[in-house]
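Since the structure comes first, as C-alpha cells, the remarks are kept for the end.
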Amino acid sequence: MTFPLNIDQFSANFGTNPLPAVLEALLAFQNSNREWYSWGFELDSIPRKALNVHVKEEVIPQLFAFGRDRNYSIYALWCYQDVPLEKAPVVYLNSEGEGSGVLANDLSEFLMLLACDEEPRFGVYSQEIDDEIEHSIGNQAFRTWIDQQYHLRVAAQPNEIVQNARLQHPALPLAY
C-alpha cells in the first residue's frame, strides 16, 4: 500500500469540491491500519489524465477518481447530474477495458462491496461463499469499522448491487 496518503494529496482528486466525508473517514481508516483491507484496493491521488483512456473526453469533468486496485483499475464518483459527491454513483474503470461502468449507487453501497474483499473481475464479483475466500489481513477490521461507523455489512449479493446500480443510472460513455 502507498502510505500514508495525506488529506491534501487526496483532496486534489476533487478540485474545488469538498471531500466527501465518507472518503475522508476511509482515508483516516486506511492510514491508521496500514494493511490491505480489500483485495489490493486503496485510496490514492489519481491524475485526471488517467481517465482519458477509459471515458469519452466530455465525461472527464464529471468524474472524480478516488481509488485503484492492484490491477490499476480505477474507482471514481460520477456526477452526471446535479447531485452532491456524497450521493453520486461509483464507477469502475477496468484496467483492461472490460466490465467498466456503474458499480454502486453511492458510497455506502461501495463500502459494502469493498467489504467483500475482492475485485469485480471485469465488473462482476465471484459467486464464492464468503467463508471460502482468503481475506486480506485488514478485512475484518474494515468490516468492523463500516459496521461501527455506518451500520453497514458486507454485501451478501454484490452482483445484485451492481446490476441495480446499472439499471438506476445511464451507461457510462466509455472510450472503448
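The values are calculated or read from the model by the stated rules, or taken from the named source; none is laboratory data. Note that the structure is a prediction, hence the values are computed from the model and not measured. Please note: Cβ atoms are built from the backbone with ideal geometry, for glycine as well, and neighbour counts cover all protein chains shown.
Could you say whether any residue in the range 25-36 is within 18 Å of residue 165 (Cβ to Cβ), modelled with pLDDT of 95 or more and touching a strand residue (DSSP E or B) at 6+ places or on another chain (Cβ under 6 Å)?
no
Can you name the residue in the range 9-42 that is surrounded by fewer than 16 Cβ atoms within 10 Å (Cβ to Cβ) and hydroxyl-bearing (Ser, Thr, Tyr) and is also farthest from residue 66 (Cα to Cα) among such residues?
32
Residues to consider are 136, 126, 73, 108; find the one that is of a type in the set (Ser, Thr, Tyr) and closer than 23 Å to residue 49 by Cβ.
Values: 136 fails: closer than 23 Å to residue 49 by Cβ; 126 fails: closer than 23 Å to residue 49 by Cβ; 108 fails: closer than 23 Å to residue 49 by Cβ.
Step by step, each of 136, 126, 73, 108 is checked, and only 73 is of a type in the set (Ser, Thr, Tyr) and closer than 23 Å to residue 49 by Cβ.
Anything in the range 155-176 that is at pLDDT 95 or above, of a type outside the set (Lys, Arg) and touching a strand residue (DSSP E or B) at 6+ places or on another chain (Cβ under 7 Å)? List them, or say none.
Passing the criteria: 159, 161, 162, 165, 169, 171, 172, 173, 174.
Going by the structure shown, is residue 143 within 22 Å of residue 45 (Cβ to Cβ), within 16 Å of the chain's Cα centre (by Cα) and among the basic types (Lys, Arg)?
Judged against the criteria, residue 143 is not a match.
Considering only strands (runs of 3 or more DSSP E) fully contained in the range 50-125, which possess at least 2 residues that are closer than 18 Å to residue 163 by Cα?
Passing ranges, in order: 74-78, 90-93, 101-104.
Starting from residues that are among the polar types (S, T, N, Q) and either touching a Leu at 6+ places or on another chain (Cβ under 8 Å) or within 19 Å of residue 71 (Cβ to Cβ) (or both), keep the ones in the range 81-140 and report whichever is surrounded by the fewest Cβ atoms within 10 Å (Cβ to Cβ).
Filtering the range 81-140 for residues that are among the polar types (S, T, N, Q) and either touching a Leu at 6+ places or on another chain (Cβ under 8 Å) or within 19 Å of residue 71 (Cβ to Cβ) (or both), the one surrounded by the fewest Cβ atoms within 10 Å (Cβ to Cβ) comes out as 126.
If I ask for residues that are of a type in the set (A, V, I, L, M, F, W, C) and either free of Cβ contacts under 8 Å to residues at least 40 places away in the same chain or over 14 Å from residue 110 (Cα atoms) (or both), which ones from the range 146-176 would you list?
Once the filter is applied, which keeps residues that are of a type in the set (A, V, I, L, M, F, W, C) and either free of Cβ contacts under 8 Å to residues at least 40 places away in the same chain or over 14 Å from residue 110 (Cα atoms) (or both), the range 146-176 yields 146, 156, 167, 171, 172, 174, 175.
Would you say residue 67 is of a type in the set (Gly, Ala, Ser) and crowded, with 20+ Cβ neighbours inside 10 Å?
Judged against the criteria, residue 67 is a match.
What pairs can you find where one residue is in the range 104-129 and within 13 Å of residue 22 (Cα to Cα), the other is among the charged types (D, E, K, R) and in a loop (DSSP other than H, G, I, E, B), and their Cβ atoms are less than 6 Å apart, with a gap of 6+ or different chains?
Between residues of the range 104-129 that are within 13 Å of residue 22 (Cα to Cα) and residues that are among the charged types (D, E, K, R) and in a loop (DSSP other than H, G, I, E, B), there is no close pair.
Is it the case that residue 17 is over 17 Å from the mean Cα position of the chain (by Cα), touching a residue at least 60 places away in the same chain (Cβ under 8 Å) and closer than 24 Å to residue 138 by Cα?
Details: over 17 Å from the mean Cα position of the chain (by Cα): yes; touching a residue at least 60 places away in the same chain (Cβ under 8 Å): yes; closer than 24 Å to residue 138 by Cα: no.
Here the answer is no, as residue 17 does not meet what is asked.
Looking at the range 35-63 only, could you name the residues that are farther than 17 Å from residue 174 by Cβ and free of Cβ contacts under 8 Å to residues at least 60 places away in the same chain?
42, 43, 44, 45, 46, 47
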